[in-house]
Ligand SMILES: *Cc1c(COP(=O)(O)O)cnc(C)c1O
């Protein structure tokens, strides 16, 4: 048997939406993107959302909109995708890593407090695997210290914790519609905010600081436009955003399916004494990824064993401060962030997507347990 690590869910509805845009005169950012932004805002219950070309572009724009640059420090967890830290470097600011909690893998509030300096301007917590960080705690810390919060919500559209959703307590929140994310248009992202002034800035920065978008210029009579800021070219075109609308309608139904799969994994793996990250009692994980922890020193053997049996796997993530670039430029060494390193050395991601069949789930369960027992 072979089980894919991931299969996307795009189907007939998305094909129809795509055809509709191709047959219309307007391909770039216009009515479909606006419709998606309105639907996304309403799903998340935030005030505004701005669709962008990727989550990476969105995180970068979020930092720019907050005016973060040289001389500033931004606190980031090392257990994340490199995009979370790289955008800080692209702004000319300093990445300050703070370690994660050992049971959840989420950025630790107390480690964040220890990493503060007079130059700290913002925190980028990551809602890792789909579970939100303690946003009430982070909001309180940020308010007390005069800091901004940009939530990395690449894994967490459907999440809730302590009655708040992603984007509701952060100054800005950034989402990904990359090929393997919970909803996707191949590449894409969105930024949400409750601040009207940040919203206006983001809309300008997304498209060269132009006072009128292509849609404004296309509909109605020609009007002169002006350049108000030095912006970027990070807009999401209708030809992509049209794919997201139908997926957003199905998002909760698909979450239910992943939730069932994760509950089965958790029951079976607990019984077999295989450990995995904790979902805090009462929290709703968006269930983006399901990871298990191999015994120390045995992770690569486990990856190989699962792949030999035809099971697709991934690693999310090895702690990024130990990647060559970060070691070389910032002098990090093993031991700098022991909790992120311990998870990064043991973690294995298993197949998780709504269309996994019952037979595939059974196979992943039995083979994972068998490989683990024979390590
Ligand atoms: C996927 C991902 C990103 C980057 O998303 P893109 O849309 O590919 O730019 C950022 N952070 C995390 C945690 C991610 O998983």
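Under conditions of 25 °C and 0.890 mPa s, region 89-169 yields 188 µm² s⁻¹ as its translational diffusion coefficient, taking Rh as the Kirkwood radius over Cα pairs in the Stokes-Einstein equation. Its relative contact order, with pairs defined as Cα atoms under 8 Å and 6+ residues apart, puts the chain at 23 percent. Using alpha-carbon positions, what is the distance between the centroids of region 118-140 and region 241-316, in Å? Answer, in whole Å: 22. For the chain, the longest principal axis of the C-alpha atoms and the axis of helix 12-23 are separated by about 30°.
Taking a temperature of 10 °C and a viscosity of 1.306 mPa s, what whole-number D in µm²/s does Stokes-Einstein yield for region 1-86 with Rh from Kirkwood over alpha carbon pairs?
Answer, rounded: 95 µm²/s.
Among rounded, prolate and oblate, which fits region 131-214 when a ≥ b ≥ c are the square roots of the eigenvalues of its C-alpha gyration tensor, a/c under 1.5 means rounded, and a/b larger than b/c means prolate?
Oblate.
Oblate is the label for region 223-375, because a/c, from the alpha-carbon gyration tensor with a ≥ b ≥ c as root eigenvalues, is 1.5 or above and a/b does not exceed b/c.
Could you give the Stokes-Einstein D for region 132-283 in µm² per second, using the C-alpha Kirkwood radius, 4 °C, 1.567 mPa s? Reported coefficient: 70 µm²/s.
Express in % the proportion of alpha carbon pairs of region 311-375 at distances exceeding 14 Å. Roughly 67 percent, rounded to a whole number.
Its DSSP H runs of at least 4 residues, each contributing -39,500 (n - 2.57), put the calculated 222 nm mean residue ellipticity of the chain at -12500 deg cm²/dmol, to the nearest 500. Counting every pair of alpha carbons in region 219-313, the share spaced more than 16 Å apart comes to 75 percent.
Going from the residue with the fewest nearby Cβ atoms within 10 Å to the one with the most, 150, 239 rank 239, 150.
With neighbour counts taken as other beta-carbon atoms within 10 Å, the residues 14, 158 rank, fewest first, as 14, 158.
Helix 251-271 and the long axis of the chain differ in direction by around 20°, with both axes built from C-alpha atoms. Residues of region 185-213 with the amide nitrogen closer than 15 Å to a label point 7 Å from the Cα of residue 90, along Cα-to-Cβ, please. Correct set: 187-191, 205-208. Here the Gaussian network model covers the chain, with springs between Cα atoms less than 10 Å apart; of 287, 160, 309, 309 fluctuates the most. With coordinates expressed along the principal axes, the C-alpha atoms belonging to region 25-159 extend over 54, 33, 26 Å, beginning with the largest.
Sorting 135, 1 by the number of Cβ atoms found within 10 Å of their own Cβ, with the fewest placed first, yields 1, 135. Packing around the peptides 80-89, 54-63, taken as the average count of other Cβ atoms within 10 Å per residue, puts them in this order, highest first: 54-63, 80-89. Over the chain, the pair-distance histogram of Cα-Cα distances with 10 Å bins from zero comes to 5, 23, 31, 25, 12, 3, 0, 0 percent, rounded to whole numbers. In degrees from 0 to 90, rounded to the nearest 10, what is the angle of the helix 358-373 Cα long axis to the longest principal axis of the chain? Orientation of helix 358-373: about 50 degrees from the principal axis.
Each value in this text was obtained by applying a stated rule to the coordinates, not by laboratory testing. These numbers were taken from a predicted model, which means no experiment stands behind them. Note that each Cβ is placed from the backbone with ideal geometry, even for glycine, and that neighbours are counted across all protein chains shown.
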